[in-house]
Amino acid sequence: MAEVRAEMVANVWKVVVAEGDPVADGDTLVILESMKMEIPVLAEGDGTVSTLAVSEGDVVQEGDVIAVIS
């Protein structure tokens, strides 16, 4: 199981995956927006999205869990 966490304060601009989706290492999970830049958040290994902790429009803080991959 791997937790994917936010690396900065940002807005969740787009959610690309849903709970239950299979993902591979490097797949985009969500796209964050900060200071008019789009920052993709990537899967850090193969697995299935067991928890998706954000929705489009949410604001995440540095260290917040975005998703859990198992």
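The numbers here are math on the coordinates, done by the rules we state, and not lab data. Source: prediction; values computed, not measured. Virtual Cβ from ideal backbone geometry, glycine too; neighbours counted across all protein chains shown.
Condition check for T48 on (1) surrounded by 18 or more Cβ atoms within 10 Å (Cβ to Cβ); (2) within 21 Å of S70 (Cβ to Cβ): one failure, at (1). For the stretch 28-63, the tally of residues that are more than 10 Å from the chain's Cα centre (by Cα) and assigned to a loop (DSSP other than H, G, I, E, B) stands at 11. Return the residue satisfying two criteria in turn: it lies in the stretch 1-40 and is free of Cβ contacts under 8 Å to residues at least 24 places away in the same chain and touching a Ser or Thr at 6+ places or on another chain (Cβ under 6 Å), and of such residues it is nearest to E56 (Cα to Cα). The residue in question is V16.
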